[in-house]
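Here is the structure we will look at, set down as structure tokens.
Computed from the coordinates by the stated procedures, all read-outs in this text should not be read as laboratory data. For clarity, every value in this text was computed on a predicted model and none was experimentally measured. No Cβ is skipped: glycine too gets one built from the backbone with ideal geometry, and neighbour counts run over all protein chains shown.
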Amino acid sequence: MGEIVGAAVVCHQPGIMAPKPIRERLGGGADTSMVEGFGKLRQAINAVGGDTLVIFDTHWFTTVEHIVAGRGRFEGVYTSEELPTLIKDHPYDFPGAPDLAAAAEAVGKERRVPVLNATNKHLHLHYPTLNLVHYLGNDLKVLPVGVCQSAEAHNFLDFGAVVAEAVQRIEGRVVLLASGGMSHTFWPLDVIRQHVAYTPTNVRTTAARAMDERILKLWALGDHAAVNALYPEYRQHNPEGFFGHYLMMLGAMGGPECGVPGRQMSDYENATGTGQVHFWFDVTAPAAARAA
């Protein structure tokens, strides 16, 4: 029987794929903490014996159903349609998680949650998945998951519960990765290049930054019920992917009442107006340790 052994909200902002001198130039002489943070994330994955990543990808939008990409292997060369000069001709080759994908589709059918296992070899991948694989390694099995743009909070949570049951039906030690930012409003084109430094004072609005920081504190406490209650208010700050990446992850962790605390594995940073962080949740920690 499989087990969910870890979870994290993970930054994928495209600047991390630039060479270090360019990253430092963008940061005014300082590199983004996200790159070092990926090393910490991989250490955490290794510590819990993770062998499979479920990546909730905030650039892969679906409309009438939740979709998982259940190919046995992903191979190709990727160029970003958004930033073709930054992420270009990027080769990738890593194993998929077809058993988990098939189980998710089956559980969805049983629960009457619309889930499709897409295995077409021409299905397009996106950099919120590929950037994570680049830094975390291509030796782990990966299940890319889309964000249904017609879903509401309860739909995301319900699908997360489908993923959790699917994990129980297969063999594996699964880590959930919610690949996306926090508040996600870019600066206008006329001034966007003035706000590329990683310092959080460049986040688009002080209100968005304050809300991000409020959620970080709640995550550290494991107060996911409070974060879930804030969802309607948080939507005003345009969290990436409708915050679906976090909510699907949360549903798989047991829902808003799960009480799993977390810890930052990067600084809270800006990326052209958006809030970014790596935040790990200790889902396998004993209950006594969580309460301490």
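Rg over Rh for segment 41-173 works out to 0.96, both radii taken from alpha-carbon positions and Rh defined as the Kirkwood radius.
Note: segment 3-291, Cα convex hull, 121 Å³ per residue. The equivalent ellipsoid that matches the C-alpha gyration tensor of segment 29-106 spans semi-axes of 25, 21, 13 angstrom, in descending order. On the basis of the beta-carbon distance and an R0 of 35 Å, Leu123 and Leu86 show a calculated FRET efficiency of 0.95. Net charge of the neighbourhood of Asn202, taken over other residues with C-beta under 14 Å away and scored Lys/Arg +1, Asp/Glu -1, is 0.
What net charge is computed for the residues neighbouring Arg112, neighbours being all others with C-beta under 14 Å from the C-beta of Arg112, Lys and Arg scored +1, Asp and Glu -1?
For residues surrounding Arg112, the net value is -3.
Highest-first packing order for the peptide set 4-10, 266-272 is 4-10, 266-272, based on the mean count of other beta carbon atoms within 10 Å. Net charge of the neighbourhood of Leu140, taken over other residues with C-beta under 14 Å away and scored Lys/Arg +1, Asp/Glu -1, is +1. Listed values for segment 140-149 are Karplus-derived 3J(HN,Hα) couplings in whole Hz (6.51 cos²θ - 1.76 cosθ + 1.60, θ = phi - 60°), namely 9, 5, 10, 10, x, 10, x, 10, 6, 6, and x replaces Gly and Pro. Per-residue 3J(HN,Hα) values for segment 14-23, derived from phi via the Karplus relation 6.51 cos²θ - 1.76 cosθ + 1.60 with θ = phi - 60°, read x, x, 5, 8, 6, x, 4, x, 6, 4 Hz in sequence order (x marks Gly and Pro). Scanning residues 5 or more positions from Leu116 or on other chains, those with amide H under 5 Å from its amide H are His66, Ile67, Val68, with H placed 1.01 Å from N in the peptide plane. For segment 3-291, the relative contact order comes to 30 percent (Cα pairs under 8 Å, sequence separation of at least 6).
Where does segment 154-278 land on Rg/Rh, using Cα atoms and the Kirkwood Rh?
Details: Rg = 15.4 Å, Rh = 15.2 Å.
Ratio of gyration radius to Kirkwood radius: 1.02.
The count of lysine pairs in the chain with alpha-carbon distances below 30 Å, taking only pairs 8 or more places apart or on different chains, stands at 11.
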